[in-house]
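Asks: Structure in structure tokens, see below.
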Amino acid sequence: MNRASDNTGERRTIPEIQAKIDTGDAVVLTAAEVSERVRIGKEIRLEDIDVVTTATRGIMSGTYAVLSFKVSEPDSFVKASDVLLNGVPAVVGPCPNERLGILDLIVLGTAHSECDSCYGGGHLFREMVDGKPITVDVTTSEGKHFSVETRLSEIPFARLYATRHAFKNYRAFVNPGKEPINTIFHALPFEGELREMTFCGCGELNPIENDPKLETIGIGTRVLLNGAEGFVTGSGTRSIPDNPNLTGFADLHDMEPEYIGGFVTSAGPEIINTWAVPIPILHKGMLENILKLDREIPLKLVDLAGRIPLCEITYGDVWDDADLNVKYEPERCISCRDCCVMEACPMGAVSKGENGTVRNLELCFNCGLCISRCKGEAFSANLGSVKCTTGGCLRDIKVTLRQSDRARAVRAAEELKEKVLTGRFRINEPVERIRWKE
Ligand code: SF4
Ligand code: SF4
């Protein structure tokens, strides 16, 4: 297979590629389809492909929503001082909306409910996107309290903002210490003595991994954020050229519940988001990264405490032979008195039904934690294990939890491809490239 490594020769522009899509002559492939072809040794040249649709789904803490809506008649109170949405505290403002009966609120995706330790901003946003009613508890500046019920369709302004999303992949974690650690990188206390490993990142599917120089992803690039059309606004917090991430926004009204949600970690609720990003291929040099497979993408295995690098593995180690979907066979469930899966599932996707335990497929994140918890071996998937030399010993460390749902990322990339090909999503030139301060 020929790998392109230069950016000389034919160059194409994004408007030219969009024009080709409009006439039905463009070839659009998902990143998974590209990798499938590379794996079987098929050559992919610049003339064989115009756009690759990429995606990532995982925990992305840097998320907040801005909401503005009416809660009472004008002049019925001066200002709100505290507001809870389904128990999740909001920041009131920045506009005080004095005597208007309207709230302007900022809600963090990582905010935790004051009454339910397993509920946070991510759960709230998913319920809103799903059309469910939410309870708004208001304390006014005069010290009065009142509650109203509302739903997303009654909230005229509801936008989700990313401060640190769509990282160029991420890391794998182990705990070499003796004691378990409560962390956002595990749904249970993280077992010590290198007994288990968790990781984040969708590997070869990842948007920035396919365009690491940010040649086409820039300020103003149109993307799908949780299924809604949104835009990149720049690079996010702690973003560096070697390890960039993105900021962006999209309207909550247009999002799809399957792509957003809450994920309960042993350090409290976190938020899941999904990005799908089209990468128009402008020149041969861009193919080098687009054709890269998981086994060529490094994944740093770090000590959870202090993020000290322990050894370098690749995304091939965690995805190559792994099952993307976790299987549940209800007939194998032995109806334990206390179901360890129900207690552990970070998505609350497992519950007691009339005839035993039930898994909600829509909610399931394919994290795989249930596999090591289930007493009846009713849940199964190959999550793989990683060989790592640390402290002079070669160890085989089992993956027990994935914090990225590659199965749904594949689906997000397919959905974007379909939208691009049918003209329901137009690829555009960024208004400016993303640059870093020296
Ligand atoms: S894979 Fe298992 S533990 Fe993870 S979300 Fe699905 S049911 Fe829950
Ligand atoms: S732990 Fe497994 S076998 Fe036991 S009740 Fe839960 S799902 Fe069924």
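Asks: Mind counting the residues in the stretch 379-406 that are within 16 Å of ligand 1 (Cβ to nearest atom), surrounded by fewer than 21 Cβ atoms within 10 Å (Cβ to Cβ) and in a loop (DSSP other than H, G, I, E, B)?
Replies: Just the residues of the stretch 379-406 that are within 16 Å of ligand 1 (Cβ to nearest atom), to begin with: 379-384, 398-406.
Restricting the remaining residues to those that are surrounded by fewer than 21 Cβ atoms within 10 Å (Cβ to Cβ) gives 380-382, 384, 398.
Checking which are in a loop (DSSP other than H, G, I, E, B) leaves us with 381-382, 384.
Summing the residues that are within 16 Å of ligand 1 (Cβ to nearest atom), surrounded by fewer than 21 Cβ atoms within 10 Å (Cβ to Cβ) and in a loop (DSSP other than H, G, I, E, B) in the stretch 379-406 gives 3.
Asks: May I pose another question? Here is a check on your reading of the model: is ALA409 open to solvent by less than 30 Å² (accessible area, probe 1.4 Å), more than 10 Å from ligand 1 (Cβ to nearest atom), touching a residue at least 12 places away in the same chain (Cβ under 8 Å) and part of a helix (DSSP H, G or I)? Spell out how you get there, then give the answer.
Replies: Values: open to solvent by less than 30 Å² (accessible area, probe 1.4 Å): yes; more than 10 Å from ligand 1 (Cβ to nearest atom): yes; touching a residue at least 12 places away in the same chain (Cβ under 8 Å): yes; part of a helix (DSSP H, G or I): yes.
Taking the combined requirement at face value, the residue satisfies it.
Asks: Taking the condition away from ligand 2 (no atom under 12 Å from the Cβ) and surrounded by fewer than 22 Cβ atoms within 10 Å (Cβ to Cβ), does GLY376 pass?
Replies: Details: away from ligand 2 (no atom under 12 Å from the Cβ): no; surrounded by fewer than 22 Cβ atoms within 10 Å (Cβ to Cβ): yes.
Against the criterion (away from ligand 2 (no atom under 12 Å from the Cβ) and surrounded by fewer than 22 Cβ atoms within 10 Å (Cβ to Cβ)), GLY376 does not qualify.
Asks: Do we have ASN428 as assigned to a loop (DSSP other than H, G, I, E, B), surrounded by fewer than 16 Cβ atoms within 10 Å (Cβ to Cβ) and either of a type outside the set (D, E, K, R) or assigned by TED's automatic domain parsing to the domain that holds VAL232 (or both) here?
Replies: Working: assigned to a loop (DSSP other than H, G, I, E, B): yes; surrounded by fewer than 16 Cβ atoms within 10 Å (Cβ to Cβ): no; either of a type outside the set (D, E, K, R) or assigned by TED's automatic domain parsing to the domain that holds VAL232 (or both): yes.
Here the answer is no, as ASN428 does not meet what is asked.
Asks: I need every pair where a residue in the stretch 337-352 that is open to solvent by less than 20 Å² (accessible area, probe 1.4 Å) and more than 10 Å from ligand 2 (Cβ to nearest atom) has its Cβ under 7 Å from the Cβ of a residue that is among the aliphatic types (A, V, I, L, M) and in a loop (DSSP other than H, G, I, E, B), sequence separation at least 6 or different chains.
Replies: PRO346/ALA187; MET347/LEU363; ALA349/LEU363
So that you can scan it fast, the table gives a plain yes or no per residue for (1) within 16 Å of ligand 2 (Cβ to nearest atom); (2) outside the structural domain of GLY356 (by TED's automatic domain parsing); (3) open to solvent by less than 60 Å² (accessible area, probe 1.4 Å):
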| site | (1), (2), (3) |
| --- | --- |
| VAL264 | no, yes, yes |
| PRO280 | no, yes, yes |
| GLU288 | no, yes, no |
| LYS292 | no, yes, yes |
| ASP317 | no, yes, no |
| ILE334 | yes, no, no |
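To keep it simple, each residue is scored yes or no on (1) touching a strand residue (DSSP E or B) at 6+ places or on another chain (Cβ under 9 Å); (2) basic (Lys, Arg); (3) within 25 Å of GLU127 (Cα to Cα).
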residue	(1), (2), (3)
VAL326	yes, no, yes
MET342	yes, no, yes
ALA349	yes, no, yes
GLY368	yes, no, yes
ILE371	yes, no, no
ASN382	no, no, no
THR389	yes, no, no
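Asks: Let me ask you something else. From VAL51, VAL92, VAL78, VAL83, grab the single residue that is open to solvent by less than 80 Å² (accessible area, probe 1.4 Å) and within 30 Å of TYR170 (Cα to Cα). Give the derivation first.
Replies: On the way: VAL92 fails: within 30 Å of TYR170 (Cα to Cα); VAL78 fails: within 30 Å of TYR170 (Cα to Cα); VAL83 fails: within 30 Å of TYR170 (Cα to Cα).
Step by step, each of VAL51, VAL92, VAL78, VAL83 is checked, and only VAL51 is open to solvent by less than 80 Å² (accessible area, probe 1.4 Å) and within 30 Å of TYR170 (Cα to Cα).
Asks: For the stretch 354-371, give me each residue that is within 11 Å of ligand 2 (Cβ to nearest atom) and either within 25 Å of MET60 (Cα to Cα) or open to solvent by less than 50 Å² (accessible area, probe 1.4 Å) (or both).
Replies: Quick first cut of the stretch 354-371, residues within 11 Å of ligand 2 (Cβ to nearest atom) only: 356-359, 370-371.
GLY356, THR357, ARG359, CYS370, ILE371, listed by residue number.
The values are calculated or read from the model by the stated rules, or taken from the named source; none is laboratory data. Since the model is a prediction, treat every value here as computed from it, not as a measurement. All Cβ positions, even for glycine, are placed from backbone atoms using ideal geometry, and neighbour counts span all protein chains on display. Just so you know, the surface numbers come from the protein's heavy atoms only, side chains and all, with ligands and any DNA or RNA stripped out. Shrake-Rupley method; radii C 1.70, N 1.55, O 1.52, S 1.80 Å.
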